[in-house]
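The values are calculated or read from the model by the stated rules, or taken from the named source; none is laboratory data. In this text, all values refer to a predicted model and were calculated from it rather than measured experimentally. Cβ sites come from the backbone with ideal geometry, for glycine too, and all protein chains shown count toward neighbours.
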Amino acid sequence: MSSIGIIANPASGKDIRRLVSYATTIDNQEKVNIVKRIVLAAQSVGVDKIYFMPDSFQFGWVVIDDLELDGNLTASCEVLQIPYMACAEDTTRTAAWMEEHSLGCVVVLGGDGTSRAAAKGLKDVPLLPVSTGTNNVYPEYTEGTVAGMAAGIAAGADDPAEFCLRDKRIEVSVDGEFRDIALVDAVVSDDLWVGSRAIWDVKKIEHIVAARSHPASIGFSAAAGCLEVIRPEDDRALALHLCGDDETKAVRKIKAPVAAGILSPVDIQEIRELGIGEAYSFTAEHNCMLALDGEREIRVREGQEVSFRLTRNGPLRVNIEKTLEKAVEHGLFNRD
Amino acid sequence: MDVTKEQMRHMYRTMVRIRKFESNAQNDFANGKIPGFLHLYLGEEAIATGVCENLNKDDFITSTHRGHGHIIAKGGDMKYMMAELYGKSTGYCKGKGGSMHIADRDLGILGANGIVGAGQDIAVGAGLSCKYRKTQQVCACFFGDGSTNQGTFHEALNMASIWKLPVIFVCENNHFGISMSQSRHQAIKDIADRAAAYGIPGVAVDGNDAMAVYEAANEAIARARKGQGPTLIECKTWRWRGHFEGDPAIYKDPKEQEEWVAREPVKRFREFLEENGVMTADEMDKVDAEVDQEIKDAVQFAEESPLPKPEDVGKDVYTDFDEEVRVR
């Protein structure tokens, strides 16, 4: 007996990044197809109960109806009867329910923001994030079948920690009060409003703290990644203080893929490494916005103290390849 | 993207103008002062405001049967609008068109429109005109979610895309086509998804957040002016009232209505301006009072204006084509 939960964000893949860069567009019908593949693969590796987050597109019902009509649904499926408001809190609330009911694994379809929302509700139940957005660093681009196999195997494992990593996270405080988290990067932007949420203009960015960084990713963590690679398993983060308009202060000048198809110049005046438990703190010199994992979230007023602390309190994330390799080692794909 | 404090202050005034104009129209209609049909824009103020703040006077808009907000945001005169609603000869259409036909060519307002989806093809024509004449003008085309099932929507996006016309398609997804909820009139949730079928960018934004709309429109309009073609912006919002005044809207879920009203765009913008030191509460109260006076003046103007004369019933119905050609 094993169970998984599926959280699919109908809003991912259609924000302003389609207009200001060359970001991927993914419609909800394609997400339905991905979820179907996840369900089919998961039930094929032993999952017998699947819970869906309720949402305005009704992913769960569409998938259940289609697979039942096809005669392909063997697992018992249930769309959770919890209230939804078509906002990020739906994801957090659903993830928390799945944690409370000790599901075997939670598969999350969306971008960094969706993963972050789910991570806020999870602690020990493994998270398997599947990318459907843009500028995604945290969730993997992976085929639904593969994700479903890995989720099913993780859900049925005695010790999922064998192929999961307890991720880092950046804990954000303002004036000493804990406010939120980021899984990939926390960025200070010269914006005054949340607006369309996404950030893309490097000229507005003052600080970047990246819990992971690699030049092969897209977004502001990639700016750190073009200086130094920091992997999820590394117990450190990189903090950058950018130059703004005054490039004479620059100690490093790079270009980095901060948005899809766009390599922008980034001038850096200070680079700091943070260890686990260390914080990058500053006093806001003017009103600004904190963007967490690529989305503007928290308004900060001039004079407020901001702290980004690196911890290993993130979710237990399933390493898909490692999970499937372990499954081969244990003969889980053998039919005899 | 830059936006000045002056622009934000202007946006607040625009939103308040729309809110108060519509609230007044609601009351005057209920009291029998306004004849005909009335489709109110209450709750959707952030969209017209956020888009039109990016437009120049000579840019175009096309509108819908729910068009008062668009006309006000594009600079329409509330006196002439109110007079039109009252059916008076001083109105924009000399009292013969009513709420759904207000137009002002001097302001680039190509008309509200009683036919669902009809503005989309007019917008393509305006866009073609801008491109043909090599001006930097654009056309913002407002329409609702219901109209995206009309053939005109698909024809317009297709043609605008092929010819890379400077048209910004602004879908006001208020979740209802007349009394039919979006979930019952189309199998998609995000109308922005439909842009991909025409090879143009499609984005979805919070239509109750004036700055989110402003930001998306700013980028789309800049793109259009550079000759990069059309964009589809889907603004998620909620129609506070029934489809028309008099519609009891029993098809709405009261809980959903309550949740959306809690995301009230004018109040949200007011809080944003105050939090960011753009305007103080006193300054905004002063704007509110000034707009109250503007509305009173508009009502007085409408009430004191004469009705159209019966003998003029046939006038202005058809264009005098020979005269138009001769003037040009």
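Here are some notes:
- Residue within segment B:164-178 that is part of a loop (DSSP other than H, G, I, E, B), buried (at least 24 other Cβ atoms within 10 Å of the Cβ) and touching a Leu at 6+ places or on another chain (Cβ under 7 Å) present: yes
- Here A:K31 meets each of (1) assigned to a helix (DSSP H, G or I); (2) within 14 Å of chain B (Cβ to nearest Cβ); (3) surrounded by fewer than 21 Cβ atoms within 10 Å (Cβ to Cβ); (4) not aliphatic (A, V, I, L, M) with one exception, condition (3).
- Selection from segment B:122-152 of residues that are assigned to a helix (DSSP H, G or I) and among the polar types (S, T, N, Q): B:S129, B:S147, B:T148, B:N149, B:T152
- Count of segment A:283-317 residues which are of a type in the set (K, R), touching a residue at least 40 places away in the same chain (Cβ under 8 Å) and not in a strand (DSSP E or B): 1
- Residue satisfying all of: in segment A:161-207; farther than 20 Å from A:S21 by Cα and of a type in the set (D, E); surrounded by the fewest Cβ atoms within 10 Å (Cβ to Cβ) among these: A:E177
Matching residues to (1) exposed (fewer than 15 other Cβ atoms within 10 Å of the Cβ); (2) in contact (Cβ under 8 Å) with a residue 40 or more places away in the chain; (3) closer than 26 Å to A:S196 by Cβ:
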position	(1), (2), (3)
B:K33	no, yes, no
B:I47	no, yes, yes
B:G50	no, yes, yes
B:N56	yes, yes, yes
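- Just one of the listed residues (A:Y84, A:Y22, A:Y51) is in a strand (DSSP E or B) and assigned by TED's automatic domain parsing to the domain that holds A:K120, and it is A:Y51.
- Matching residues in segment B:238-269 - criterion: being within 14 Å of chain A (Cβ to nearest Cβ) and under 17 Å from the mean Cα position of the chain (by Cα): B:W238, B:P265
- Taking the listed residues A:G261, A:G275, the one that is within 30 Å of A:D124 (Cβ to Cβ) and either in the same structural domain as A:A198 (by TED's automatic domain parsing) or hydroxyl-bearing (S, T, Y) (or both) is A:G275, with no other qualifying.
- Per-region count, segment B:192-229, residues touching a strand residue (DSSP E or B) at 6+ places or on another chain (Cβ under 6 Å), within 7 Å of chain A (Cβ to nearest Cβ), over 15 Å from B:A140 (Cβ atoms) and part of a helix (DSSP H, G or I): 2
- Scanning segment A:1-25 for residues that are surrounded by fewer than 23 Cβ atoms within 10 Å (Cβ to Cβ), within 14 Å of another protein chain (Cβ to nearest Cβ) and over 17 Å from the mean Cα position of the chain (by Cα) turns up A:S21, A:Y22, A:T25.
- Boolean, B:A160 is among the hydrophobic types (A, V, I, L, M, F, W, C), more than 12 Å from chain A (Cβ to nearest Cβ), over 19 Å from the mean Cα position of the chain (by Cα) and part of a helix (DSSP H, G or I): yes
- Any hit, segment B:201-211, residues being surrounded by fewer than 21 Cβ atoms within 10 Å (Cβ to Cβ), at pLDDT below 95 and either over 29 Å from B:M8 (Cβ atoms) or not acidic (D, E) (or both): no
- Residue in segment B:278-285 that is facing another protein chain (nearest Cβ under 10 Å), over 26 Å from B:T4 (Cβ atoms), outside any helix (DSSP H, G or I) and out of contact with any His (no Cβ under 9 Å at 6 or more places or on another chain) present: no
- Condition check for A:R335 on (1) among the basic types (K, R); (2) assigned by TED's automatic domain parsing to the domain that holds A:L274; (3) free of Cβ contacts under 8 Å to residues at least 40 places away in the same chain: one failure, at (2).
- Where helices (runs of 4 or more DSSP H) fall entirely within segment B:1-82, those with at least 1 residues that are charged (D, E, K, R) are at B:5-30, B:45-52.
- Considering (1) closer than 24 Å to A:P83 by Cα; (2) free of Cβ contacts under 8 Å to residues at least 24 places away in the same chain, the lone condition that A:K49 does not fulfil carries the number (2).
- Qualifying residue in segment A:99-114 (condition: among the charged types (D, E, K, R), touching a residue at least 24 places away in the same chain (Cβ under 8 Å) and assigned to a helix (DSSP H, G or I)): yes
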